[in-house]
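Visitor: Below: one structure in structure tokens.
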Amino acid sequence: MAQPSTPVSPPLKDELDIVIPTIRNLDFLEMWRPFFQPYHLIIVQDGDPSKTIQVPDGFDYELYNRNDINRILGPKASCISFKDSACRCFGFLVSKKKYIFTIDDDCFVAKDPSGKEINALAQHINNLLTPSTPFFFNTLYDPFRDGADFVRGYPFSLREGVPTAISHGLWLNIPDYDAPTQLVKPRERNSRYVDAVMTIPKGTLFPMCGMNLGFNRELIGPAMYFGLMGDGQPIGRYDDMWAGWCTKVICDHLSLGVKTGLPYLWHSKASNPFVNLKKEYKGIYWQEEIIPFFQSLALPKECTSVQKCYIELSKLVKEKLGPVDPYFQKLGDAMVTWIEAWEEHNNPPAQAASKPEPNDKKDKPSAKSK
């Protein structure tokens, strides 16, 4: 009889947290069990904190609700959005791990064209552990993938690449469309699987989706703030977009990389386009001002850390976007509050690879399971 092979420890098992924002029971985790069970989960419960969220047995998790957020952050809790998936960034703040993978609760395991289930987490880890090439485009896309390399004419001086800060994954089935596009293409589904990962070039912005996202928390975590969205705010559904624009300009400034492409997951639920339009309509107008602002933005050379970049960015948001709407004055203040909360909770400096420490007792959530 053949002897069982030696068990292999899952990659980054003790260095990565999975952050999930939710308003419902997390039955979707059953499908992800083979891939997620070895890892620690941070669940951020949005909505009514008196509601009990059920988590399948066997997962190691912390569950935070709004009461926990208010207790842990005190007055600074005002920077964490309510009734919007932007609440997930609280999980980024209380984590003590080097890496974060965040996923929405309506996302399931996808299959590649051969029918094999895709381990999205493993692909994100691979993306984050290999360099990015933002300064010169490689026409074979990611040269660090098996079977690929730098093509003829690629400068040897740039082949070492830079550290990868963000891994942006994609989705099969329900595309990540805005409300107007949903309305004109209500039955459109994405069935196109593109077997590619690429570095987004320096100076190029992109629409970041938070439903399938990995990042190096020590490299870019302080900038991964999903803004003021949802309850009490004039805008929603631009939380991940805001974080994407901010992190990209900071990555460009600090010579860090952003990859997009694989992995895919299966996005199962189309949100209501009419509800989405009410949340998005100001953003649809404002983005025509916001995107040129980020495209023309130049951070001073004195900004040598993510925190310094983000504080400078908050000032520019108030100065340049404040005239567009008073909301941006409020958002700029919230960006500063977020950085204060980040530093107050003894998170490792953005550029330092320090050893993760266990959560402080005062940060303990409402529920925990082993």
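The values are calculated or read from the model by the stated rules, or taken from the named source; none is laboratory data. Here the structure is a predicted model, which means the values were calculated and not measured. Cβ coordinates were reconstructed from backbone atoms using ideal geometry, including for glycine residues, and neighbour counts include every protein chain displayed.
Visitor: Please state which one of 43, 72 is within 20 Å of residue 269 (Cβ to Cβ) and crowded, with 20+ Cβ neighbours inside 10 Å. Before you say what the answer is, go through the steps one by one.
Guide: Numbers: 72 fails: within 20 Å of residue 269 (Cβ to Cβ).
Of the residues listed, the single one that is within 20 Å of residue 269 (Cβ to Cβ) and crowded, with 20+ Cβ neighbours inside 10 Å is 43.
Visitor: Identify the residue in the stretch 271-313 that is in contact with a Lys or Arg (Cβ under 9 Å, 6 or more places away or on another chain) and either surrounded by 17 or more Cβ atoms within 10 Å (Cβ to Cβ) or of a type in the set (A, V, I, L, M, F, W, C) (or both) and, among all such residues, is farthest from residue 338 (Cα to Cα).
Guide: 276
Visitor: Considering every residue within the stretch 219-234, establish whether at least one is more than 26 Å from residue 76 (Cβ to Cβ), modelled with pLDDT of 95 or more and not hydrophobic (A, V, I, L, M, F, W, C). Give the steps one after another, and end with the answer.
Guide: To start, the set of residues in the stretch 219-234 that are more than 26 Å from residue 76 (Cβ to Cβ) comprises none.
No, every residue in the stretch 219-234 fails to be more than 26 Å from residue 76 (Cβ to Cβ), modelled with pLDDT of 95 or more and not hydrophobic (A, V, I, L, M, F, W, C).
Visitor: Please find, within the stretch 104-149, the residue that is surrounded by the fewest Cβ atoms within 10 Å (Cβ to Cβ) out of those that are touching a Gly at 6+ places or on another chain (Cβ under 9 Å) and assigned to a helix (DSSP H, G or I).
Guide: 123
Visitor: Next question, about the same structure. How many residues, within the stretch 251-284, are under 30 Å from residue 300 (Cβ atoms) and among the aliphatic types (A, V, I, L, M)?
Guide: Within the stretch 251-284, the first condition is being under 30 Å from residue 300 (Cβ atoms), and the residues that meet it are 251-260, 283.
From what is left, the residues that are among the aliphatic types (A, V, I, L, M) are 254, 256, 258.
Total satisfying the criteria: 3.
Visitor: Find all pairs meeting these conditions: Cβ atoms under 7 angstrom apart; at least six residues apart or on different chains; first residue within the stretch 145-157 and farther than 20 Å from residue 129 by Cα; second residue among the polar types (S, T, N, Q) and part of a loop (DSSP other than H, G, I, E, B).
Guide: Going by the 7 Å Cβ cut-off, the qualifying pairs are 151/138; 151/139; 154/138.
Visitor: Tell me whether the stretch 73-93 contains one or more residues that are within 11 Å of the chain's Cα centre (by Cα) and among the acidic types (Asp, Glu).
Guide: no
Visitor: Among the residues of the stretch 185-195, write down those that are assigned to a loop (DSSP other than H, G, I, E, B) and either free of Cβ contacts under 8 Å to residues at least 60 places away in the same chain or more than 25 Å from residue 270 (Cα to Cα) (or both). Walk me through it before giving the result.
Guide: We begin by selecting, within the stretch 185-195, every residue assigned to a loop (DSSP other than H, G, I, E, B); these are 185-189, 191-195.
The answer is 185, 187, 188, 189, 191, 192.
Visitor: Further question on the same structure: Out of 262, 299, 313, I need the residue that is modelled with pLDDT of 95 or more, assigned to a helix (DSSP H, G or I) and within 29 Å of residue 124 (Cα to Cα). Which one?
Guide: Numbers: 262 fails: assigned to a helix (DSSP H, G or I); 299 fails: assigned to a helix (DSSP H, G or I).
Answer to the check: 313.
Visitor: Need pairs with beta-carbon distance below 9 Å; first residue within 17 Å of residue 236 (Cα to Cα) and within the stretch 286-301, second among the basic types (Lys, Arg) and exposed (fewer than 10 other Cβ atoms within 10 Å of the Cβ); sequence gap 6+ or separate chains.
Guide: Once the first residue is within 17 Å of residue 236 (Cα to Cα) and sits in the stretch 286-301, no partner that is among the basic types (Lys, Arg) and exposed (fewer than 10 other Cβ atoms within 10 Å of the Cβ) comes close enough.
Visitor: Let me ask something else about it. Going residue by residue through the stretch 224-232, is there one that turns out to be farther than 30 Å from residue 111 by Cα, within 15 Å of the chain's Cα centre (by Cα) and buried (at least 17 other Cβ atoms within 10 Å of the Cβ)? Please lay out each step first, then the result.
Guide: The first filter runs over the stretch 224-232 and keeps only residues farther than 30 Å from residue 111 by Cα, leaving 225, 227-232.
Adding the requirement that they be within 15 Å of the chain's Cα centre (by Cα) leaves 225, 227.
From the residues that got through so far, the ones that are buried (at least 17 other Cβ atoms within 10 Å of the Cβ) too are 225, 227.
Within the stretch 224-232, one or more residues are farther than 30 Å from residue 111 by Cα, within 15 Å of the chain's Cα centre (by Cα) and buried (at least 17 other Cβ atoms within 10 Å of the Cβ).
Visitor: Out of all the residues in the stretch 237-255, which are surrounded by 24 or more Cβ atoms within 10 Å (Cβ to Cβ) and either farther than 26 Å from residue 325 by Cβ or at pLDDT below 95 (or both)?
Guide: Hit for the stretch 237-255 is 251, nothing else.
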